[in-house]
Amino acid sequence: MKITIFGTGYVGLVSGVCLADLGNDVLCADVDSKKIALLERGANPIYEPGLQEKLDQNTKEDRLSFTTDLGKAVAYGDLLFICVGTPASKGGSVDLQYVESVARTIGQHLDHDAVIVDKSTVPVGTAEKVRTIIQQELNKRNVKHAFSVVSNPEFLREGAAVNDFFNPDRVIVGLEQGDERAKQVIGKLYKSVARTSRPILFTDTKSAELIKYASNAMLATRISFMNQLSRYCEAVGADITAVSKGMGLDTRIGSRFLHTGIGYGGSCFPKDVKGLIGSIKEAGCDASIFEAVDSANEAQKRSLFSKIEQALGTVKGKKVALWGLSFKPKTDDIREAPSKIIAQWLIDNGSDVAAFDPEATRNFKEAFPKISYGKEPYEPLQGADLLILVTEWDVFRNPDWARVKKLMSTPNIIDGRNIYLGYREDLKELGFAYQGVGVGDDA
Ligand code: NAD
């Protein structure tokens, strides 16, 4: 099939590369000429495990190309994928300007029948909006082409996006009523992906749009639920990890997404929970559950401040080392990352901040140019009064503690992801002061 992808961010680029890997001819278009220039040179603007190899191979075999010429991009594909960003707007609703702009471009240039596939996360009713915009543009040109608008939300996880593309839990396809042609085309496209027992669920466009928000909100709810419970555990001396294990053994609950930490971040959960709240309220409905999830997360991101004060006494003039800056391991994405809130607070309170991250340093440096960045994990520890494990990259899991202690001026650890909890007694014996999340001192 001939496929055009609009937007070469985390979703668009992964989808484009993986669809090319399945034998389709794919043209990826973006308005960001720097990104396209990088991609045309064979470089990858994002870090995503396994992506570079597939990018190289599919470009070499001529199934994958890139352009900033949006008119040419519309003319190219029988399937036109919208994968542009949908950030939160200032008022709390979803900013659809990029989706609407692609819809206008499609309407202005469409010269054949096509299926428009919306992969961006968009509020209920957006497929209808996209249809209206395209139709208006076609009317202006006085041309007629048959087109379908399909809602096909993306569920890939950054850090595992390539694997998730080829092994989705499910593929959701929202169709306009009675659109058998689009059903056939999309069904054929995804059969090659969901060829095992993974279901393709066909539904209406509005339900498909909502499935995405509802899924992210459910996962965020579990995280906030556990995080709020973890504060109570700390207050009464219980152990959140034992509570989580005990809960997870109940098959009705299951063990996933019951970990506690320093709040969820990234480009999806925070904005999607906020977007859902905005949409629900716009419809005059009650969003109190989702509002609580959001505010619990904001509180959790700041929960480390009192721990830092407890560890350091006075924060001013102390050196604090951060391990991990990306919002989660195996990505360079720092959007809404808790590390940003922690770093800013430390800077505002007069700390000297040093950091190491395997992939996110370049992005973090743009936001925090004055922090010092290590080339390897141990460098920022030199003379540090506190080490905060912010993101649980594998490289931090089993460090040389004797070396850590020797480098630090005071052996203080805050383990924001509880990855050292299993041997905190050993750490204490080595002389470290240790604080985890959700674990009382005697638990
Ligand atoms: P991103 O910000 O990384 O990339 C968006 C890209 O779209 C940018 O490169 C931008 O230059 C480009 N763009 C903007 N306007 C354009 C236009 N008119 N024509 C062509 N390109 C244009 O965004 P992302 O993280 O890939 O997310 C895209 C969508 O997918 C969002 O709705 C997001 O919520 C959703 N989503 C993201 C993830 C994730 O893990 N990142 C997962 C699932 C769903």
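The values are calculated or read from the model by the stated rules, or taken from the named source; none is laboratory data. Since the model is a prediction, treat every value here as computed from it, not as a measurement. Please note: Cβ atoms are built from the backbone with ideal geometry, for glycine as well, and neighbour counts cover all protein chains shown. The protein model used for the area step is the full one, side chains on, heavy atoms only, and it has no ligands, DNA or RNA in it. Shrake-Rupley method; radii C 1.70, N 1.55, O 1.52, S 1.80 Å.
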Helix axis angle, 97-109 relative to the chain longest principal axis, alpha carbon, degrees:
20
Given q = 0.20 Å⁻¹, what are the Debye log10 I(q)/I(0) values for region 1-52, with equal point scatterers placed on the Cα positions and solvent ignored?
-0.64
Show me, for region 401-408, the HN-Hα J-couplings you get by feeding each phi into the Karplus relation (A = 6.51, B = -1.76, C = 1.60, θ = phi - 60°), rounded to Hz, glycine and proline as x.
5, 4, 5, 4, 5, 4, 6, 6
The distance between the Cα centres of region 323-377 and region 140-178, in whole Å, is 34
Over all pairs of different Cα atoms in region 204-443, the reciprocal of the mean inverse distance gives a Kirkwood radius in Å of 18.7
Here P(r) for the chain, Cα-Cα distances in 20 Å bins, as whole percents, is 24, 51, 23, 2
For region 2-142, what is the charge dipole size about the Cα centre, in debye to the nearest 20, if Lys and Arg each add +1 at the Cβ and Asp and Glu each add -1 at the Cβ?
360
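Can you give the Rg/Rh ratio of region 55-119, where Rg is from the C-alpha atoms and Rh is the Kirkwood radius?
Reported Rg/Rh (Cα atoms, Kirkwood Rh): 1.06.
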Using a/c under 1.5 as the rounded threshold, could you call region 261-404 rounded, prolate or oblate? The axes a ≥ b ≥ c are square roots of the C-alpha gyration tensor eigenvalues, and prolate needs a/b larger than b/c, oblate otherwise.
prolate
At 25 °C and 0.890 mPa s, grab the translational diffusion coefficient of region 6-117 from Stokes-Einstein with a Kirkwood Rh over Cα pairs, rounded to a whole number in µm² per second.
169
Rounded to a whole %, the carbon-and-sulfur portion of the accessible area of region 50-168 at a 1.4 Å probe is 46
Entries of K319/K340; K316/K365; K405/K428; K245/K405 with Cα pairs more than 20 Å apart:
K316/K365; K245/K405
For the chain, percent of DSSP beta bridges that are antiparallel (nearest 5) comes out at 5
Out of the total accessible area of region 204-443 (probe 1.4 Å, heavy atoms of protein only), what percent is carbon and sulfur?
53
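Could you give the length gained on full extension between R403 and Q344, defined as 0.36 nm per residue of separation minus the Cα-Cα distance, in nm?
Computed gain between R403 and Q344 is 18.5 nm.
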Dipole magnitude of region 196-248, debye to nearest 20 (Cβ charges: Lys/Arg +1, Asp/Glu -1, about Cα centre):
120
The chain, Gaussian network, Cα under 10 Å: of V320, V143, V11, the residue fluctuating most is V143
Positive-end residue, the chain charge dipole about Cα centroid, Cβ charges, pick of A433, A217, I3
I3
For the chain, what is the mean residue ellipticity at 222 nm derived from helices alone (per DSSP H run of n ≥ 4: -39500 (n - 2.57); sum divided by total residues; nearest 500 deg cm²/dmol)?
-13500 deg cm²/dmol
Accessible surface, the chain, averaged per residue in Å² (probe 1.4 Å)
45
Which value in nm describes the separation of the simple spin-label points at K370 and D69, placed 7 Å from the Cα toward the beta carbon?
4.7
Please give every one of the lysines within straight-line cross-link reach of K183, meaning a C-alpha to C-alpha distance under 26 Å, and leave out same-chain neighbours fewer than 8 residues apart.
K2, K72, K119, K129, K144, K191, K206, K212
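Please state the charge dipole magnitude for the chain, taken about the Cα centre, from unit charges on C-beta atoms (+1 on K and R, -1 on D and E), reported in debye and rounded to the nearest 20. Before the final figure, lay out the partial values.
On the way: 55 positive and 58 negative charges, 37 e Å.
For the chain, the charge dipole is close to 180 debye.
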Read phi for every residue in region 4-18 and hand back ³J(HN,Hα) as whole Hz from Karplus 6.51 cos²θ - 1.76 cosθ + 1.60, θ = phi - 60°, with x for Gly and Pro.
10, 10, 9, x, 10, x, 4, 7, x, 5, 4, 4, x, 5, 5
Pull up all non-local amide H partners of A433: gap of 5 or more, or a different chain, and H-to-H distance under 5 Å with H placed in the peptide plane.
N412, I413
